[in-house]
Amino acid sequence: MTDGVEKPDDVRDRVLHITDLHFWRLSWSPRRLANKRLLGMLNLRLRRRRIFDLSGREQMAESLAREGAATVIAGGDFSTTALEEEFQQAFAFLKTLEERGLKVFAIPGNHDVYTFEATRRGCFEKHLGAFMPGGRLPARVVLPGGTPVVFVPGVRPNLLSSRGNILPKEITQTAHLVAEAPPGPVLVVGHYPLLFRTTAYAQRPMHRLGHAKTLRAALGDTGRTVLYLAGHVHRFSETRDDRYPNLTHVTTNALFYKGRGGYTVVECTDTGFRVEAKV
Ligand SMILES: [Fe+2]
Ligand SMILES: [Fe+2]
């Protein structure tokens, strides 16, 4: 697991953030297409299956294992249209990481609750529940070196858009988990970014997290040093919050995105974080 990568002395925890794996399966079964999935399948047929190249998954698992990290945090969008077969592929991939000695945590993305039916049937929980940090979000874990990680809810099924929403009560709970976390910098992980625009991406209203600004303010107001890790935009970015200097926002590339896929390495120290995109 620590194959050749040395951990600098000040690093408490070395974490790999992977996200937006988007395992996919084409299905034209009429029973399965009687909802939003028809649009998803057309999109997959025309575009996505050429963008998400899953042929290098074994090699990717090897690269992740060679990073010398103990923990992988997987930030959602494991599937494309929330089909059982897509979740099975995702489970197999996370399992290979576990077999290589990595502790894996997973939260859902909007594509994992792609249809109301898949959400009602609890498809994500059924296949990937073993990797979830606790029964429901928000939840907090503490990594072996002492870094607290708070996982944020916010995904929901939609008729057409990919909007998320976090409830005021969930924001209060999240901020409490951050404020009351063991001493030191805190990692906070959600599927949706809290900044709608950075130098790397711009999010259309239909793709955003509802109440993102309130969550951002609540995290800023804790006064804790926070690194907020997200996916969803399929682009790496690292931005210091101009309103809350204790808050830094990072988004990670989609893991298997052809030509610019990859993950983010986060080194957690006693005073902050060092972030590096691996493409
Ligand atoms: Fe995605
Ligand atoms: Fe997403």
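The values are calculated or read from the model by the stated rules, or taken from the named source; none is laboratory data. Bear in mind the structure is a predicted one, so any value in this text is a computation, not a measurement. Virtual Cβ from ideal backbone geometry, glycine too; neighbours counted across all protein chains shown. Please note that ligands, DNA and RNA were not included when accessible areas were found on the heavy atoms of the full protein model with its side chains. Shrake-Rupley method; radii C 1.70, N 1.55, O 1.52, S 1.80 Å.
Report whether or not TYR228 is in a strand (DSSP E or B), in contact (Cβ under 8 Å) with a residue 40 or more places away in the chain and touching a helix residue (DSSP H, G or I) at 6+ places or on another chain (Cβ under 7 Å). Before you say what the answer is, go through the steps one by one.
Working: in a strand (DSSP E or B): yes; in contact (Cβ under 8 Å) with a residue 40 or more places away in the chain: yes; touching a helix residue (DSSP H, G or I) at 6+ places or on another chain (Cβ under 7 Å): yes.
It is true that TYR228 is in a strand (DSSP E or B), in contact (Cβ under 8 Å) with a residue 40 or more places away in the chain and touching a helix residue (DSSP H, G or I) at 6+ places or on another chain (Cβ under 7 Å).
Table: residues versus (1) of a type in the set (D, E, K, R); (2) within 14 Å of ligand 1 (Cβ to nearest atom); (3) open to solvent by less than 30 Å² (accessible area, probe 1.4 Å).
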position: LEU215; (1), (2), (3): no, no, yes
position: LEU229; (1), (2), (3): no, no, yes
position: PRO245; (1), (2), (3): no, no, no
position: HIS249; (1), (2), (3): no, no, yes
position: ASN253; (1), (2), (3): no, yes, yes
position: TYR257; (1), (2), (3): no, yes, no
position: GLU276; (1), (2), (3): yes, no, no
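The condition of being open to solvent by less than 50 Å² (accessible area, probe 1.4 Å), of a type outside the set (Ser, Thr, Tyr) and not in a strand (DSSP E or B) holds for only one of ASP9, ASP13, ASP112, that being ASP112.
Considering GLY129, GLY68, which residue is surrounded by fewer than 18 Cβ atoms within 10 Å (Cβ to Cβ), in contact (Cβ under 8 Å) with a residue 60 or more places away in the chain and of a type outside the set (Val, Ile, Thr)? Steps first, please.
Details: GLY129 fails: in contact (Cβ under 8 Å) with a residue 60 or more places away in the chain.
Just a single option satisfies the conditions, and that option is GLY68.
The set of residues in segment 16-33 being among the hydrophobic types (A, V, I, L, M, F, W, C), open to solvent by less than 10 Å² (accessible area, probe 1.4 Å) and either within 12 Å of PHE78 (Cα to Cα) or within 14 Å of ligand 2 (Cβ to nearest atom) (or both) consists of ILE18, LEU21, PHE23.
Checking each residue in segment 233-242 for being touching a residue at least 24 places away in the same chain (Cβ under 8 Å) and either outside any strand (DSSP E or B) or within 11 Å of ligand 1 (Cβ to nearest atom) (or both) picks out VAL233, HIS234, ARG235, PHE236, ASP241.
Quick one: which of THR264, THR271 is open to solvent by less than 40 Å² (accessible area, probe 1.4 Å) and at negative phi? Quick ask: steps written out before the conclusion?
Numbers: THR271 fails: open to solvent by less than 40 Å² (accessible area, probe 1.4 Å).
Every option except THR264 fails the conditions.
In this structure, ALA82 qualifies as of a type outside the set (D, E, K, R), open to solvent by less than 10 Å² (accessible area, probe 1.4 Å), over 30 Å from ARG14 (Cα atoms) and touching a helix residue (DSSP H, G or I) at 6+ places or on another chain (Cβ under 6 Å).
Report yes if PHE91 is open to solvent by 10 Å² or more (accessible area, probe 1.4 Å) and touching a His at 6+ places or on another chain (Cβ under 6 Å), otherwise no.
Values: open to solvent by 10 Å² or more (accessible area, probe 1.4 Å): yes; touching a His at 6+ places or on another chain (Cβ under 6 Å): yes.
Spelling it out, PHE91 is indeed open to solvent by 10 Å² or more (accessible area, probe 1.4 Å) and touching a His at 6+ places or on another chain (Cβ under 6 Å).
Residues that are closer than 17 Å to GLU125 by Cβ, in contact with a Leu (Cβ under 7 Å, 6 or more places away or on another chain) and among the hydrophobic types (A, V, I, L, M, F, W, C) within segment 61-93 comprise ALA74, PHE78, PHE87, ALA90, PHE91, listed in sequence order.
Of everything in segment 182-218 that is assigned to a helix (DSSP H, G or I) and in contact with a helix residue (DSSP H, G or I) (Cβ under 6 Å, 6 or more places away or on another chain), the residue that is nearest to LEU255 (Cα to Cα) is LEU215.
Which members of segment 98-129 meet the condition of being more than 22 Å from ARG140 (Cβ to Cβ) and among the aliphatic types (A, V, I, L, M)? Can you show your working first?
Here is the first cut: in segment 98-129, the residues more than 22 Å from ARG140 (Cβ to Cβ) are 99-101, 110-111, 113-123, 126-127.
Within segment 98-129, VAL113, ALA118 meet the criteria.
Residues that are more than 16 Å from ligand 1 (Cβ to nearest atom), surrounded by fewer than 20 Cβ atoms within 10 Å (Cβ to Cβ), touching a residue at least 24 places away in the same chain (Cβ under 8 Å) and hydroxyl-bearing (Ser, Thr, Tyr) are absent from segment 45-56 altogether. Has segment 50-73 got at least one residue that is within 16 Å of ligand 2 (Cβ to nearest atom) and within 30 Å of PRO148 (Cα to Cα)? Yes; the residues of segment 50-73 include at least one that is within 16 Å of ligand 2 (Cβ to nearest atom) and within 30 Å of PRO148 (Cα to Cα).
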